[in-house]
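Input: a single structure, listed below in structure tokens.
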Amino acid sequence: MTTANSVHAAARQGFQIGADAYERGRPGYPAAAIEFLQQTLNLSSATTVVDLAAGTGKFTRQLQDLGCQVVAIEPVEGMRQKFEALLPNIPVLNGTAESIPLAAASTDVVTVAQAFHWFQGEAALAEIHRVLKPGGYLGLIWNVRDESFDWVAQISAIITPHEGDAPRYRTGQWRTAFEQTDLFTPLETQIFSYAHQYDLDAAIDRVASISFIAALNAQTQQTVLRQVRELLEHHPQTRDRPIIEHPYRTEVFWCTRKN
């Protein structure tokens with residue numbers, strides 16, 4: 001399967017255009033979640049990790065901070081270029097979850113941050129199984145907007161009509177591949193609460209970094225971003241605040257490669 005054919009058009013176009021906004025606006029992952037993964041996946045300086053769909057390296061750099069030996073895989077050229085500029089000491093290869101350019105049984109851990117819902121699940125799990133050593137771990141992590149806060153729910157209401165057929169984590173369709181596979185142990189999960197702090201412009205960048213928003217035509221995109229800005233400028237929970245606290249739920253999943 002070629003790289004171009006296995007990447008959804010919304011991801012390929014949106015992330016190519018929106019790499020800068022992605023880096024500016026996307027949060028990292030909370031320390032509690034990273035520490036949990038470190039313990040659960042046995043991450044250390046002796047651990048080899050493949051970080052799939054690494055983007056600009058938001059999660060990859062946190063793996064590096066743990067001392068892991070990391071190789072990143074990223075199919076979108078614009079993202080790889082940004083990654084290389086920010087993290088020149090970490091190799092980033094052109095590849096997809098369905099076609100990983102590494103040898104069989106070559107890594108201890110595979111991680112996927114904010115991306116498994118984009119994958120062709122069955123094919124991706126088969127390929128992840130191939131590159132993992134027997135008993136190796138697969139770890140997944142997502143930062144999810146906490147829509148129990150009214151202003152966060154209103155942002156979702158503004159952007160959701162534009163998502164088209166882009167795969168979304170919240171639908172849960174990505175779980176089907178795990179439910180049907182016999183290559184891995186059942187998924188386990190842990191949830192963390194998290195607040196990311198940023199100013200108004202970074203909050204707008206966060207929305208602009210969403211793949212299907214980045215892929216909109218310029219006029220429609222500006223309309224969406226203007227609506228979000230007006231919401232944040234006037235909502236009682238966010239107006240007149242130099243720093244906005246954006247609430248997230250960070251959802252972590254993991255499983256083990258069966259021998």
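Here, each number is a calculation from the coordinates, and none is a lab measurement. Just so it is clear, the structure is predicted and the values come from calculations on it, not from any experiment. Don't worry about glycine lacking a Cβ; one is built from the backbone with ideal geometry, like all the others, and counts go over all protein chains shown.
Radius of gyration and Dmax for region 151-259's Cα atoms, expressed in Å?
Using the Cα atoms of region 151-259, the pair Rg, Dmax is 17.5, 56 Å.
Using the number of other C-beta atoms within 10 angstrom as an exposure proxy, rank Glu74, Glu179, Glu84 with the fewest first. Numbers along the way, then the final one.
Values: Glu74 27, Glu179 9, Glu84 16.
By the 10 Å Cβ count, ascending, the order reads Glu179, Glu84, Glu74.
Give the separation of the Cα centroids, region 78-122 to region 123-146, in Å.
Taking the Cα centre of region 123-146 as reference, the centre of region 78-122 is 11 Å away.
Quick check for me: using +1 on Lys/Arg Cβ and -1 on Asp/Glu Cβ, what's the dipole size of the chain about its Cα centre, in debye to the nearest 20? Working shown, then result.
Numbers: 21 positive and 28 negative charges, 41 e Å.
Here the size comes out at about 200 debye.
Per the helix-only calculation at 222 nm, which mean residue ellipticity applies to the chain, given -39500 (n - 2.57) for every DSSP H run of n ≥ 4 and division by its residues, nearest 500 deg cm²/dmol? Don't jump to the answer; show the numbers that get you there.
Values: 12 runs with 102 residues, N = 259.
Result for the chain, helices only: -11000 deg cm²/dmol.
Let me check I've understood the local charge: for Pro91, count other residues with C-beta under 13 angstrom from its C-beta, Lys and Arg +1, Asp and Glu -1. What total comes out?
Counting the neighbours of Pro91, the net charge comes to -2.
Would you work out the charge dipole size for region 110-259 about its Cα centre, treating the Cβ of every Lys and Arg as +1 and the Cβ of every Asp and Glu as -1, and quote it to the nearest 20 debye? It would help to have the intermediate numbers written out before the result.
Working: 14 positive and 18 negative charges, 78 e Å.
Using Cβ point charges on Lys, Arg, Asp and Glu, region 110-259 gives about 380 debye.
Can you list residues from other chains, or at least 5 along the same chain, whose modelled amide H is less than 5 Å from the amide H of Ser99?
Those qualifying (amide H under 5 Å, at least 5 residues apart or on another chain) number zero.
Pull up all non-local amide H partners of Val144: gap of 5 or more, or a different chain, and H-to-H distance under 5 Å with H placed in the peptide plane.
Arg249, Thr250, Glu251
Mind checking which of Pro161, Val131, Pro186 is farthest towards the positive end of the chain's charge dipole, using Cβ charges of +1 (Lys, Arg) and -1 (Asp, Glu) about the Cα centre?
Toward the positive end, the furthest listed residue is Val131.
Rounded to a whole number of µm²/s, how large is the Stokes-Einstein D of region 89-231 at 37 °C and 0.692 mPa s, given Rh as the Kirkwood radius over C-alpha pairs?
The diffusion coefficient I find is 187 µm²/s.
For the chain, set up a Gaussian network in which alpha carbons nearer than 10 Å are linked by springs, and say which option among Pro101, Pro161, Pro247 fluctuates the most.
Pro161
Most fluctuating residue of Asn94, Asn42, Asn217 in a GNM of the chain with Cα springs under 10 Å: which is it?
Top of the fluctuation ranking is Asn217.
With the Cα gyration tensor of the chain in hand, give its eigenvalues times 5 under a square root as the equivalent ellipsoid semi-axes, listed largest first in whole angstrom. Please report the intermediate quantities before stating the final value.
Working: eigenvalues 186, 75, 62 Å².
Each semi-axis is the square root of five times an eigenvalue, giving 31, 19, 18 Å.
Take every Cα pair under 8 Å in the chain that's 6+ residues apart, average their separations, divide by the length, and report that relative contact order as a whole percent. Mind dumping the intermediate values first?
Numbers: 484 pairs, mean separation 66.5, N = 259.
Answer for the chain is 26 percent.
Could you give the size of the charge dipole of region 115-189 about its Cα centre, using +1 on the Cβ of each K and R and -1 on the Cβ of each D and E, expressed in debye and rounded to the nearest 20? Write down the numbers at each step before the final one.
Numbers: 6 positive and 10 negative charges, 44 e Å.
Dipole of region 115-189, to the nearest 20 debye: 200 debye.
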